[in-house]
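Just so it is clear, none of the values below were taken in a lab; they were calculated from the coordinates. The structure displayed is predicted, hence computed values, not measured ones. Cβ: placed from backbone, ideal geometry, glycine included. Neighbour counts: every protein chain shown.
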Amino acid sequence: MTGGQNLLEKDARRIADMFDAIAPRYDALNHLLSAGFDRRWRVQAITALELSGQETLVDLCTGTGDLALAAVQSQRAHARRVIGIDFASAMLKLAAQKVERHDATALVQLMRGDASCIPLCDGSADAVTIGFGIRNVADTRAVCDEIRRVLRPGGRLAILEFNMPSTPIIKGLYGWYFERFLPWVGRLISRHPEAYAYLPASVHAFLPPARLSALLVELGFTEVRMVSLTCGVVYLHLATRP
Ligand SMILES: C[S@@+](CC[C@H](N)C(=O)[O-])C[C@H]1O[C@@H](n2cnc3c(N)ncnc32)[C@H](O)[C@@H]1O
């Protein structure tokens with residue numbers, strides 16, 4: 001598949017197939033291409049939720065489970081249990097192996113499911129996280145609405161997502177890295193023809209941080225806040241379900 005329009009096709013089957021295809025190299029590329037910062041961003045998201053240790057936390061688009069594991073293993077504050085949900089079976093398989101390796105099977109449950117139709121009851125989650133997943137869904141509003149449905153009143157949401165920084169020097173350097181170097185290395189290592197070209201293209205096409213915040217406010221979330229991480233290459237969005 002080539003061309004900007006097709007590259008950004010958010011059909012569920014296509015996105016799941018793409019992540020399934022890159023699953024074996026996903027973690028290594030994540031750590032390499034973010035110079036290890038991805039671990040720090042996940043810990044920052046979990047820390048910002050100010051968990052008490054009693055929560056049921058739902059990690060949407062859980063992928064290989066790094067954010068789900070961070071939510072039960074964080075030194076500072078952690079959830080009582082995590083339900084990780086993703087529609088890509090190869091990503092989930094790696095998540096399951098990782099959870100077992102970390103001796104966390106009693107704490108992390110993994111489910112195959114779509115974030116736009118979360119297979120959980122209304123108000124069943126104390127917290128929801130979604131790390132680098134929201135940009136991949138076909139309908140951002142529908143997913144945020146689903147998150148609102150599964151959160152209990154007072155429940156907290158944390159979204160991590162990439163952003164193109166706007167500060168001139170950082171924009172220039174990071175633009176070269178993210179749009180040229182990263183797709184080249186990603187393609188070389190993953191051997192997938194488009195997944196690492198899709199990454200910058202999908203970040204460009206996604207809502208800028210202020211618009212995502214505005215959408216959360218529009219959907220009735222309160223205490224909506226966005227935090228710029230690592231010179232604005234990632235944003236952490238926080239919100240509360242009233
Ligand atoms: C970039 S990975 C992020 C994985 C993980 N959260 C992390 O921090 O590394 C995006 C994940 O979102 C999943 N995904 C994308 N759209 C989804 C949807 N609508 N429902 C469930 N999973 C979805 C993909 O299968 C993929 O595993």
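Listed values, structure above:
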read-out: Degrees, to the nearest 10: 37-48 long Cα axis against longest axis of the chain; value: 30 degrees
read-out: Gly84 long-range amide H proximity, modeled H, under 5 Å; value: Asp59, Gln109, Leu110, Met111
read-out: Built amide H within the under 5 Å cut-off of Val234, gap 5+; value: Asn163, Leu229
read-out: Bins of 10 Å, starting at 0 and running to the largest distance - Cα pair percent for the stretch 135-237; value: 14, 40, 30, 15, 2
read-out: Percent RCO, i.e. relative contact order, over the chain, from Cα pairs under 8 Å lying at least 6 residues apart; value: 20 percent
read-out: Relative exposure of His78, His102, judged by other C-beta atoms within 10 Å (fewest first); value: His102, His78
read-out: Cα gyration tensor, the stretch 12-131 - rounded (a/c under 1.5), prolate or oblate; value: oblate
read-out: Ile170-Ala12 FRET efficiency (beta carbon distance; Förster radius 41 Å; 0.05 resolution); value: 0.75
read-out: Using alpha-carbon coordinates, inclination of helix 195-205 to the longest axis of the chain, degrees; value: 70 degrees
read-out: Alpha carbon Rg of the stretch 90-139, scaled by the compact-globule rule 2.2 N^0.38 Å; value: 1.30
